[in-house]
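Take a look at the structure below.
The values are calculated or read from the model by the stated rules, or taken from the named source; none is laboratory data. Computed from a prediction, not measured in an experiment: that's the story for all the values here. In this analysis, Cβ positions are derived from the backbone assuming ideal geometry, glycine residues included, and neighbour counts consider all displayed protein chains.
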Amino acid sequence: MRTLGGRYRLERRIGVGGMSEVWRGHDRVLDRPVAVKIMAPAVAGTLGEACGVDLIRAEARSAARLAHPNVASVHDFGTSPAPDREVPYIVMELVEGRTLSEHLGGGLFDWHIAVRVCAEVAAALAAAHAKHVVHRDIKPANIMLTPAGAKVLDFGIAATVGSYDSDPDGPVMGTPAYVAPERFSGLPATPASDMYSLGVLLYHCLSGRLPWSASSHTELVDAQHHRDPEPLPHIEGLAPEVLDLCSRCLHRDPAERPTALLAALLLAEAVDARVHIPMMDPAAAMPRPSAPPPWDTNAAEAPTDVALPANADATPPARRYPDERQGRHRAA
């Protein structure tokens, strides 16, 4: 059985994507199950060793910056020697459950669940956007439903807010049906493009289909630019605010789309659910002093331990405390 880094034992492959494989593994040091993501050999051969390592490291760093209950956490990154190259890998929290794609494949579920799932995805996006990270590939296959709630997976093509694709002449990163129309016009990734994907996701969860019917990617892009989404079917009891939010997320103008924070709060309120949203860091709003306070400087320079004199007894002297009842000191 293969072991990476002398620590992570690979047990069985649990997922295969366009660029990588995910294995169920075991952390031999901490004695816990983990998920290990490895770049697919064919992709690694195409990109080259250095580029492949950089790509996986960038994904690990993007996800590691996020600490949120609806984001699969990253534990470690490393490389393992293979006969012809170094294999980069990411060690992640093992998320037990089924993907949203699998659930939707079995038919529609209650709209309350659909809205709650999208509220949790929006909360995860709010956390990412607060760290200036754009996911760029929100879709049902990248969302795992667990007993503890939804988990957003795969920050493999995540980018810094405002960054352009590395290859302007190459394909747009993401799954076409969920990619915002401005991205096909060459505009950079922004939180608003993630919100478009959330709108498609919410529409899909509520209706069981995509907002536009198209037989090709070209037809889909044309529909996004020139046609309004097909109306959602009537859903008994669904709050009109949810329908309005879905419509605003799908707006052609990125400036008209709501923020992830607003979406998370509105969707959660619609189903009386709780979500974890990022709060402003109070320290970030406070002006930093030009010099550290003297107490901080003294504390930083103080020794971490105290050595006894060479002729001192190893047993420390007894400490004495006031004895209020007898008016004298007593040994501790």
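Annotations for the structure displayed:
A quick yes/no check of all residues on (1) assigned by TED's automatic domain parsing to the domain that holds Leu198; (2) on the phi > 0 side of the Ramachandran plot; (3) of a type in the set (D, E, K, R); (4) surrounded by 23 or more Cβ atoms within 10 Å (Cβ to Cβ):
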| site | (1), (2), (3), (4) |
| --- | --- |
| His75 | no, no, no, no |
| Pro83 | no, no, no, no |
| Gly105 | yes, no, no, no |
| Phe109 | yes, no, no, no |
| Ala114 | yes, no, no, yes |
| Val117 | yes, no, no, yes |
| Ala122 | yes, no, no, yes |
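- In the condition set (1) at pLDDT 80 or above; (2) surrounded by fewer than 20 Cβ atoms within 10 Å (Cβ to Cβ); (3) farther than 28 Å from Leu198 by Cβ, Leu94 is compliant with all but (3).
- Residues (in contact with a Pro (Cβ under 6 Å, 6 or more places away or on another chain) and closer than 15 Å to Ala67 by Cα) located in the stretch 95-129: Ala126, Ala127, His129
- Within the stretch 145-201, the set of residues being among the aromatic types (Phe, Trp, Tyr) and either more than 28 Å from Glu102 (Cβ to Cβ) or modelled with pLDDT under 80 (or both) comprises Phe155, Tyr164, Phe184.
- Residue within the stretch 268-282 that is at pLDDT 80 or above, of a type in the set (Gly, Ala, Ser), surrounded by fewer than 15 Cβ atoms within 10 Å (Cβ to Cβ) and over 22 Å from the mean Cα position of the chain (by Cα) present: no
- Subset of the stretch 175-217 (residues that are outside any loop (DSSP other than H, G, I, E, B), among the hydroxyl-bearing types (Ser, Thr, Tyr) and crowded, with 16+ Cβ neighbours inside 10 Å): Tyr178, Ser193, Tyr196, Ser197, Tyr203, Ser207
Here's the yes/no breakdown for (1) in contact (Cβ under 8 Å) with a residue 24 or more places away in the chain; (2) in a loop (DSSP other than H, G, I, E, B); (3) in the same structural domain as Val134 (by TED's automatic domain parsing):
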residue	(1), (2), (3)
Glu219	no, no, yes
Gln224	yes, no, yes
Asp228	no, yes, yes
Pro231	no, yes, yes
Leu238	yes, yes, yes
Arg248	yes, no, yes
Pro258	yes, yes, yes
Ala264	yes, no, yes
Val275	yes, yes, no
